[in-house]
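S.K.: My structure is below; once you've seen it, I'll send some questions.
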Amino acid sequence: MADFLPYGRQSVDESDVAAVAAVLRGDWLTTGPAVDRFEADLAAWTGGVPAVAVTSGTAALHVAYAAAGVGPGDEVVCAPMTFVATAATAVLLGATVVFADVEPDTLTLDPAAAAAAVTGRTRVVSAVDYAGHPADYAALRGAAGDALLLADAAHSVGGAWRGQPVGSLADLTTFSFFPTKNLTTAEGGAVATAHPDLLARARRFRNHGLVRDPAEQRHPGEGGWHQEVHEFGLNYRLPDVLCALGSSQLGRLAAFKARRAEVFERYRDGLADVDGLRLPVRHPDADPVWHLYAVRVLDGRRRALFEHLRGAGIGVQVNYIPAYWHPVFEDLGYRRGLCPVAEAFYAEELSLPMFPDLTDADVDRVIGGVRDFFGV
Ligand SMILES: *Cc1c(COP(=O)(O)O)cnc(C)c1O
């Protein structure tokens with residue numbers, strides 16, 4: 001049998017290995033110059049919006065909500081078609097998550113649904129750039145009112161909306177650099193924000209909340225060694241070793257994006273005539289980075305196609321179970337039926353393999369497996 005084809009996979013080449021090895025031979029394994037360099041390199045992709053590197057996409061969400069001051073009594077409006085971390089990190093800070101439904105074509109947060117969910121207690125509205133397709137942040141800005149707008153851009157680093165890069169579209173943007181994402185640092189993430197106060201709070205939360213600048217300290221006369229904590233934080237520092245990998249990978253992001261677009265088109269050309277499928281679409285204003293190739297399998301056949309392709313060594317995946325279907329939300333009183341568009345999508349969704357090192361032959365093998373299932 002042919003090799004197992006995963007649904008997503010990192011692309012690491014010798015330039016990436018060399019970048020990591022160079023840091024390992026140097027003085028700084030963490031809190032050194034490779035962190036600043038990675039943050040600057042990332043800002044070149046966010047339209048100059050500064051970024052704070054952290055240890056995962058989940059840490060990025062936790063940091064972003066903490067920077068926004070999310071706490072008990074606050075509500076966070078959240079898209080349900082996402083990995084659980086988008087909502088879980090807000091709950092961990094004591095907030096109540098209010099799920100608002102997604103748009104049926106792009107699966108990104110529906111501005112009308114978000115507007116209906118916003119109350120005087122809403123502190124953050126969190127959209128997710130599902131599959132790498134940016135949400136409509138201009139419309140969401142209006143929906144959010146006085147609340148901050150957060151983009152969970154775990155799928156969409158390198159994308160744009162009406163020519164404006166992801167990272168510059170919301171008040172806070174979070175990235176993930178897990179191996180299946182558009183670029184990797186093994187584990188890693190980042191928060192980008194153009195607001196100086198949010199940026200300062202994010203930097204502090206990443207580093208235990210430590211205040212080092214004497215001008216900002218409550219007891220600056222203590223001595224040259226002194227640093228103090230004003231608000232609790234955590235250690236979410238991304239080491240230099242991994243930041244070096246990130247900078248190297250950012251140098252390859254344009255090529256990754258281009259190859260993902262080619263794979264997208266090859267799937268479209270190879271599957272457009274299959275009646276039992278609905279293929280992903282792009283909004284004319286969106287410049288996506290296709291992290292996922294998410295098809296809809298009609299007529300209740302998703303599970304059968306999943307099993308057929310898995311049986312053929314093709315690592316399809318389902319992204320995602322609506323976040324509030326997780327028992328932890330069920331136990332908090334969230335019920336099925338809350339977001340019917342997301343639930344109908346989940347019932348049909350299947351992610352075909354999508355990563356830059358897929359060969360045309362790999363893509364054709366997946367197309368062949370799908371066509372074989374439908375007998376066309
Ligand atoms: C991957 C992902 C996360 C979490 O990122 P990690 O780096 O795995 O912690 C959050 N949100 C979305 C939409 C993701 O896909």
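The values are calculated or read from the model by the stated rules, or taken from the named source; none is laboratory data. Nothing here was measured: the structure is a model prediction, and the numbers come from that model. Glycine also receives a Cβ, built like all others from the backbone with ideal geometry; neighbour counts cover every protein chain displayed. Heavy atoms of the whole protein, side chains included, go into the accessibility calculation; ligands, DNA and RNA do not. Shrake-Rupley method; radii C 1.70, N 1.55, O 1.52, S 1.80 Å.
S.K.: Taking segment 252-301 on its own, how many of its residues are in a loop (DSSP other than H, G, I, E, B), more than 20 Å from Asp372 (Cα to Cα) and open to solvent by less than 40 Å² (accessible area, probe 1.4 Å)? Break it down stepwise before answering.
M.R.: Of the residues in segment 252-301, the ones in a loop (DSSP other than H, G, I, E, B) are 252, 272-276, 279-285, 288-292, 298-301.
Now narrow it down to the ones that are more than 20 Å from Asp372 (Cα to Cα): 252, 280-285, 288-292.
So of that shortlist, the ones also open to solvent by less than 40 Å² (accessible area, probe 1.4 Å) come out as 280, 288-292.
So the count comes out to 6.
S.K.: Ok, one more. Go through (1) open to solvent by less than 10 Å² (accessible area, probe 1.4 Å); (2) within 16 Å of the ligand (Cβ to nearest atom) for Thr58 and report which single condition fails.
M.R.: Result: Thr58 fails condition (1) only.
S.K.: Taking into account only those residues within segment 125-169 that are away from the ligand (no atom under 16 Å from the Cβ) and polar (S, T, N, Q), which is surrounded by the most Cβ atoms within 10 Å (Cβ to Cβ)?
M.R.: By that ranking, first place goes to Ser168.
S.K.: Please specify each residue of segment 39-64 satisfying the condition of being under 18 Å from Tyr137 (Cβ atoms) and outside any loop (DSSP other than H, G, I, E, B).
M.R.: Ala51, Ala60, Leu61, Ala64
S.K.: What pairs come up if the first residue lies in segment 108-124 and is surrounded by fewer than 18 Cβ atoms within 10 Å (Cβ to Cβ), the second is among the charged types (D, E, K, R), and their beta carbons are under 8 Å apart, counting only those six or more places apart or on different chains?
M.R.: Once the first residue is surrounded by fewer than 18 Cβ atoms within 10 Å (Cβ to Cβ) and sits in segment 108-124, its partners that are among the charged types (D, E, K, R) give Thr119/Glu75; Arg121/Asp74; Arg121/Glu75.
S.K.: Give me the residue from segment 178-232 that is among the small types (Gly, Ala, Ser) and assigned to a helix (DSSP H, G or I) and, out of that set, farthest from Ala154 (Cα to Cα).
M.R.: Initially, segment 178-232 is screened for residues among the small types (Gly, Ala, Ser), giving 186, 188-190, 192, 194, 200, 202, 209, 215, 221, 223-224.
The next check asks that each one be assigned to a helix (DSSP H, G or I); those that pass are 200, 202, 215, 221.
On the way: Ala200: 22, Ala202: 17, Ala215: 36, Gly221: 43 Å.
Top of the filtered list is Gly221.
S.K.: Now, a different point. Residues in segment 325-341: is at least one away from the ligand (no atom under 16 Å from the Cβ), hydrophobic (A, V, I, L, M, F, W, C) and either surrounded by 16 or more Cβ atoms within 10 Å (Cβ to Cβ) or assigned to a strand (DSSP E or B) (or both)?
M.R.: Looking for residues that are away from the ligand (no atom under 16 Å from the Cβ), hydrophobic (A, V, I, L, M, F, W, C) and either surrounded by 16 or more Cβ atoms within 10 Å (Cβ to Cβ) or assigned to a strand (DSSP E or B) (or both), one finds at least one in segment 325-341, hence yes.
S.K.: Right, another one. Of all residues in segment 72-84 being open to solvent by 10 Å² or more (accessible area, probe 1.4 Å) and not hydrophobic (A, V, I, L, M, F, W, C), which is nearest to Arg141 (Cα to Cα)? Steps first, answer last, please.
M.R.: If we filter segment 72-84 for residues that are open to solvent by 10 Å² or more (accessible area, probe 1.4 Å), which is where we start, we get 72-75, 83-84.
Next, only the ones that are not hydrophobic (A, V, I, L, M, F, W, C) stay: 72-75.
Values: Pro72: 24, Gly73: 22, Asp74: 19, Glu75: 17 Å.
Filtering first and then ranking leaves Glu75.
S.K.: Something else now. Among the residues of segment 185-209 satisfying the criterion of being of a type in the set (D, E, K, R) and within 16 Å of the ligand (Cβ to nearest atom), which is least open to solvent (accessible area, probe 1.4 Å)?
M.R.: Applying the first criterion (of a type in the set (D, E, K, R)) to segment 185-209 yields 187, 197, 201, 203-204, 206.
When the remaining residues are screened for being within 16 Å of the ligand (Cβ to nearest atom), the result is 187, 206.
Details: Glu187: 96, Arg206: 34 Å².
The residue in question is Arg206.
S.K.: Quick one: would you say Gly159 is under 23 Å from Leu279 (Cβ atoms) and either of a type in the set (Asp, Glu) or assigned by TED's automatic domain parsing to the domain that holds Thr46 (or both)? Let's see the steps before the verdict.
M.R.: Values: under 23 Å from Leu279 (Cβ atoms): yes; either of a type in the set (Asp, Glu) or assigned by TED's automatic domain parsing to the domain that holds Thr46 (or both): yes.
The answer is yes for Gly159.
S.K.: Scanning for something open to solvent by 40 Å² or more (accessible area, probe 1.4 Å), farther than 23 Å from Lys257 by Cα and under 19 Å from the mean Cα position of the chain (by Cα), does segment 85-92 turn up at least one residue? Before you say what the answer is, go through the steps one by one.
M.R.: Of the residues in segment 85-92, the ones open to solvent by 40 Å² or more (accessible area, probe 1.4 Å) are 91-92.
Retained after the next criterion (residues that are farther than 23 Å from Lys257 by Cα): 91-92.
Imposing the further condition that a residue be under 19 Å from the mean Cα position of the chain (by Cα) reduces the set to 91-92.
Checked against the condition, which is being open to solvent by 40 Å² or more (accessible area, probe 1.4 Å), farther than 23 Å from Lys257 by Cα and under 19 Å from the mean Cα position of the chain (by Cα), segment 85-92 yields at least one hit.
S.K.: Could you grab me the full set of residues in segment 170-184 that are among the β-branched types (Val, Ile, Thr) and either more than 16 Å from the ligand (Cβ to nearest atom) or under 16 Å from Thr82 (Cβ atoms) (or both)?
M.R.: Initially, segment 170-184 is screened for residues among the β-branched types (Val, Ile, Thr), giving 173-174, 180, 184.
Across segment 170-184, the qualifying residues are Thr173, Thr174, Thr180.
S.K.: Report, by residue number, each residue of segment 70-91 that is over 17 Å from Ala113 (Cβ atoms) and assigned to a loop (DSSP other than H, G, I, E, B).
M.R.: Taking segment 70-91 and keeping what is over 17 Å from Ala113 (Cβ atoms), we get 70-74, 83-85, 88-91.
Result: Val70, Gly71, Pro72, Gly73, Asp74, Phe83, Val84.
S.K.: Output the residues belonging to segment 298-324 that are among the acidic types (Asp, Glu) and closer than 23 Å to Arg365 by Cα. Explain how you work it out, then say what you get.
M.R.: Filtering segment 298-324 down to residues among the acidic types (Asp, Glu) leaves 299, 307.
Within segment 298-324, just Glu307 meets the criteria.
S.K.: Which numbered condition in (1) in a helix (DSSP H, G or I); (2) touching an Asp or Glu at 6+ places or on another chain (Cβ under 9 Å); (3) of a type outside the set (A, V, I, L, M) is the only one that Gly142 fails?
M.R.: (2)
S.K.: Any residue in segment 184-209 that's on the phi > 0 side of the Ramachandran plot: show its pairings with residues that are open to solvent by 70 Å² or more (accessible area, probe 1.4 Å) and among the polar types (S, T, N, Q) at Cβ separation under 7 Å, as long as the two are six or more apart or on different chains.
M.R.: Note: pairs meeting the criteria are His208/Asn235.
S.K.: Select from segment 1-54 the residues that are β-branched (Val, Ile, Thr) and open to solvent by less than 50 Å² (accessible area, probe 1.4 Å) and list them in ascending order.
M.R.: Quick first cut of segment 1-54, residues β-branched (Val, Ile, Thr) only: 12, 17, 20, 23, 30-31, 35, 46, 49, 52, 54.
Within segment 1-54, Val20, Val23, Val35, Thr46, Val49, Val52, Val54 meet the criteria.
S.K.: If I ask for residues that are of a type in the set (Phe, Trp, Tyr) and assigned to a loop (DSSP other than H, G, I, E, B), which ones from segment 145-177 would you list?
M.R.: Kept after step one, since they are of a type in the set (Phe, Trp, Tyr), are these residues of segment 145-177: 161, 175, 177.
Result: Phe177, single match.
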